[in-house]
Amino acid sequence: MAKLSGIFDGVVGEFKKVAWPTQKELIDSTMIVVVFSIILSVFIFGVDQVYSTALEYIYN
């Protein structure tokens, strides 16, 4: 039981060292990820459409 208590004490100690983001930083980072994901998805969709059209033209 002492080992388990030591583990939890270590975890709590490590959590105190973490530099937690502010709410504004978290929202800004989340928006960056969402916007980048949408842009990347649209780009991949566009490339897929171009390849599909090219292969359809080649094989038909």
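Can you show me the helix-derived [θ] at 222 nm for the chain, built from DSSP H runs with n ≥ 4 at -39,500 (n - 2.57) apiece and divided by the number of residues, rounded to the nearest 500.
Dividing the helical sum by the residues of the chain leaves -31500 deg cm²/dmol.
Each residue of region 23-31 in turn: what ³J(HN,Hα) in whole Hz from Karplus with 6.51, -1.76, 1.60 and θ = phi - 60°, glycine and Pro shown as x?
My calculation for region 23-31 gives 5, 5, 4, 5, 5, 4, 5, 5, 5 Hz in order.
Out of the chymotrypsin sites (Phe, Trp or Tyr not before Pro) in the chain, which ones are loop residues according to DSSP with at most 14 other C-beta atoms within 10 Å? The partial results should precede the final answer.
Working: sites: F8, F15, F36, F43, F45, Y51, Y57, Y59; in loops: none.
When the chymotrypsin sites (Phe, Trp or Tyr not before Pro) of the chain are filtered for loop state and at most 14 Cβ neighbours within 10 Å, nothing remains.
Report the Cα-based extents of the chain along its three principal axes, largest first, to the nearest Å.
Dimensions of the chain along the principal axes of its Cα atoms: 73, 32, 11 Å.
If you plug each phi of region 11-20 into the Karplus form 6.51 cos²θ - 1.76 cosθ + 1.60 with θ = phi - 60°, what whole-Hz ³J(HN,Hα) values come out, in order, with x for Gly and Pro?
Karplus values, whole Hz, x for Gly and Pro: 5, 4, x, 5, 5, 5, 7, 5, 8, 6.
Along the charge dipole of the chain, Cβ charges K/R +1 and D/E -1, which of T22, I58, I39 sits furthest on the positive end?
Farthest towards the positive pole: T22.
Figure the gain on full extension for S29 and F43 (residue separation times 0.36 nm, minus the Cα-Cα span) and round it to one decimal in nm.
Result for the pair: 2.9 nm of gain on full extension.
Taken together, the values in this text are just the output of simple stated rules run on the coordinates, not laboratory data. Just so you know, these numbers come straight off a predicted model, no measurement behind them. With ideal geometry, Cβ positions are generated from the backbone for all residues, glycine too; neighbour counts draw on all protein chains shown.
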